[in-house]
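Remarks on the structure that follows.
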Amino acid sequence: MTRPAPRQLTAAAAVLAATALLAACSGGDAGSGDGGSGDSIVVSTFPFGVEQFQEAVVDPFTEATGIEVEIETGSNADRLSQLELAGDRSGVDVMLISDAFAASGQEKELFESFGEAEVPNLGEIADFAVEEGFDGPAYSYQLNGILYNTDEVTAEQAADWELFADPALAGRLAFPDFSVTAGQLAVSGVADSYGDGPYDIDTAYEVIGSWAPGILQFYSSSTEVTNLLTQGEIVAADSLNGFATTLVASGEPVAWTAPAEGRYMATNRAMVPVGAPNSEGAHAFIDYLLSVEAQTASADLVGDLPVNLAAEVPAELTDVVGDIAADPIAAGYATLDPAETTPNRAAWLDRFAREVSSR
């Protein structure tokens, strides 16, 4: 593969920092593992939005540093399983993965930690993105809320969890299955609103179970819930904010709102596997990923909400979430503690199937 020549940078300090981090890699043998190459890295990521991610982050990084990036894709579960099986022979330098799976991988000691010495832009991102409990930072986040038909439901109705208990809407509502990202966030939102906090699963399942007869579908994919909404089969659903972006932009009578209470968000993390062939290149890539330049481009092209709060957020995203994008913590959102969720996830998933979605 022909490597493009590095270009001279004049504006992005983050890119300059990334380039400096790579100085030791220029000889082509500075990777930390066997077979590592200083001028290439492997990034494992989600299977959707790959072309946009390439344009927003990968290509500018390669132009700035001369480091080629090979992209591997797959689901969170599949990629984590493959990493566990391969161990330090996986060949992956950076894994972009949702927080629940990142925490699961950490329990199995699959990832290594790093700090500002390796990734200077860790000091430039929101505090929630570098919270304790994770070996790698968040590079984007997703808000849980309610997606609704504006012709059928008001914003005030949608913001109240009692929406799901309204007999007038019975059979016209959807709720996430616990297996999807929104599922844990919704359950914790109900637990916080009706019980003693986000991990009061007994109360949450009692409440959601009472709603179950009026819920048409416990969905397991974004396509499933957006199709139900656009086809008129449901009028509202608990969902992540990203489900609304295309629908709102297209002019559909659809909006998304944050719940009045019980606001939780998920993060996508940038992790470095143990034994990464080119850990220095991995750190440089993550540093660039967290820069204002990359975060702005990713928000614009990929639709990721940025953790670098100095990044510009496009109208397509603010049309959905409004001022929350300026500072989700100030807007009342919180992340969940992996020390609480990870050890209990399997049991909570089993209970949801027995006590909620089967009713």
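Just a few scattered comments:
- Estimated from helical segments only, the mean residue ellipticity of the chain at 222 nm is -10000 deg cm²/dmol, where each DSSP H run of four or more residues counts as -39500 (n - 2.57).
- Gaussian network model of the chain, springs between alpha carbon atoms under 10 Å - residue of D151, D160, D135 with greatest fluctuation: D151
- Listing L147, L229 from fewest to most neighbouring C-beta atoms within 10 Å gives L229, L147.
- Hypothetical label at E261: residues of the stretch 151-173 whose amide nitrogen lies under 19 Å (7 Å Cα-Cβ projection): 156-166
- Residues D127, D319, D99 in ascending order of nearby Cβ atoms (within 10 Å, fewest first): D127, D319, D99.
- In nm, spacing of pseudo-spin labels at S220 and L85 (7 Å Cα→C-beta vector): 2.1 nm
- Counting neighbouring Cβ atoms within 10 Å and putting the fewest first, the residues Y194, Y333, Y148 line up as Y194, Y333, Y148.
- Cβ charges +1 (Lys, Arg) and -1 (Asp, Glu), total dipole of the chain, debye: 560 debye
- GNM result for the chain, Cα springs below 10 Å: residue of G251, G281, G49 fluctuating most strongly: G251
- Antiparallel content of DSSP bridges confined to the stretch 129-288, in %, to 5: 70 percent
- Residues listed by number, the stretch 135-150, amide nitrogen under 20 Å from A326 label point at 7 Å toward C-beta: 141-144
Read-outs throughout are calculated quantities, based only on the coordinates presented, and are distinct from any laboratory measurement. Given the structure is predicted, the values throughout are model-derived calculations rather than measurements. Cβ atoms come from the backbone with ideal geometry, glycine included; neighbour counts cover every protein chain shown.
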